[in-house]
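The values are calculated or read from the model by the stated rules, or taken from the named source; none is laboratory data. Just so it is clear, the model here is predicted, and its values are computed rather than measured. With ideal geometry, Cβ positions are generated from the backbone for all residues, glycine too; neighbour counts draw on all protein chains shown. These accessible areas exclude ligands, DNA and RNA; they are computed on the full protein's heavy atoms, side chains included. Shrake-Rupley method; radii C 1.70, N 1.55, O 1.52, S 1.80 Å.
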Amino acid sequence: MTGVYTVARSYHAELIKLRRPSTALAMAVLGFLTVLSTVLAMALADEKPTPPDPGTGPGFDLSLAQLASSQGLILGFRGGTTFIGLLVFVVFAISMTTEYGQGTLRTLFLKEPRRLGWLAGRLGVTLSAVAVSLVAALGLSVAAATVMAAVRDVDTSAWWTSAAFGEVAGAYANALLAAVFFALVGTTLGILLRSTSAALLIGIAWMFPIEHIVQESWSGATRVLPGLVFDAVGRGGLPDASYRPALLTAVAYALVAAAIGAVSLRRRDVTA
């Protein structure tokens, strides 16, 4: 019960930080990125009669036939999960390294020695904010898709069916899962490196340009490398990485990252 109380107290205390302008800015950027992804996906869709493939999670390589399917309403949102993952990683890494940079952890852990309880509460608050932000972002994406459908003269009769609503729910769940994975990796890097510049440089360089360069020469990279695996989960599966194996691999990465971060936070001296 003591551990639960610690988590609850940490959660309540961290809620205050959500009032900061930076929180609103991050939410606004997330919404902007999803709208941008949706607009680009629909604007760049061509007229080739390519049938929709439910086993893939396309980005901007779409056809009008795909947009007219039950998945069409959220294809743009799915394509933007890479941007969402990058933003979430940056936010969580910075929020952790800032605690070290400002020296607040020293004072905090004098009053609350149960470090893992504090970390769980902190992650709970920030992930709750991400979940709410994704709901808003999904709503903006749907609105943008509806407007763009009228511009591109896309038949939207399949968008307002039970199958389409199931696709929307699935897209949201996958985006949230991917955000959790990126958040855990960002937090762990922040704990290990304690430097904002180092955490961002290493994390962004590895999970985005380096992994995509490797992907160009090795098709198996999509099923193995963490950033690509998280992205595959967020998109609901890709041709080179089906959903279920990608999800299992992503969960394994997340558990390892969480364990490393927890051990490091618990044992390392925060006064350094």
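Below is a table of values for the structure above.
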{"quantity": "Test: residue in segment 160-178 that is buried (at least 17 other Cβ atoms within 10 Å of the Cβ), without any contact (Cβ under 8 Å) to a residue 40 or more places away in the chain and of a type outside the set (G, A, S)", "calculated": "yes"}
{"quantity": "Set A120, A137: member being within 17 Å of the chain's Cα centre (by Cα) and in contact (Cβ under 8 Å) with a residue 12 or more places away in the chain", "calculated": "A137"}
{"quantity": "Residue check for L134: part of a helix (DSSP H, G or I), open to solvent by 20 Å² or more (accessible area, probe 1.4 Å) and either touching a strand residue (DSSP E or B) at 6+ places or on another chain (Cβ under 8 Å) or of a type outside the set (D, E, K, R) (or both)", "calculated": "no"}
{"quantity": "Search result, residues across segment 247-267 that are free of Cβ contacts under 8 Å to residues at least 24 places away in the same chain and of a type in the set (G, A, S)", "calculated": "A252, A259"}
{"quantity": "So V125, is it open to solvent by 20 Å² or more (accessible area, probe 1.4 Å), in a helix (DSSP H, G or I) and β-branched (V, I, T)", "calculated": "no"}
{"quantity": "Segment 205-215 - residue that is in contact with a Leu (Cβ under 7 Å, 6 or more places away or on another chain) and hydrophobic (A, V, I, L, M, F, W, C) and, of those, farthest from L184 (Cα to Cα)", "calculated": "V214"}
{"quantity": "Matching residues, segment 30-46, being assigned to a helix (DSSP H, G or I) and in contact with a helix residue (DSSP H, G or I) (Cβ under 6 Å, 6 or more places away or on another chain)", "calculated": "L30, G31, L33, T34, V35, S37, T38, V39, A41, M42"}
{"quantity": "Verdict on F32 being modelled with pLDDT of 80 or more and open to solvent by 40 Å² or more (accessible area, probe 1.4 Å)", "calculated": "yes"}
{"quantity": "Criterion: open to solvent by 20 Å² or more (accessible area, probe 1.4 Å) and either over 21 Å from the mean Cα position of the chain (by Cα) or basic (K, R) (or both) - qualifying residue of S70, S63, S95", "calculated": "S70"}
{"quantity": "Filter result for L25 (in a helix (DSSP H, G or I), modelled with pLDDT of 80 or more and crowded, with 16+ Cβ neighbours inside 10 Å)", "calculated": "no"}
{"quantity": "Count of residues meeting criterion [open to solvent by less than 50 Å² (accessible area, probe 1.4 Å) and either closer than 15 Å to R268 by Cα or part of a helix (DSSP H, G or I) (or both)] in segment 99-114", "calculated": "5"}
{"quantity": "Hits in segment 124-134 - residues which are in contact (Cβ under 8 Å) with a residue 24 or more places away in the chain and hydroxyl-bearing (S, T, Y)", "calculated": "T126, S133"}
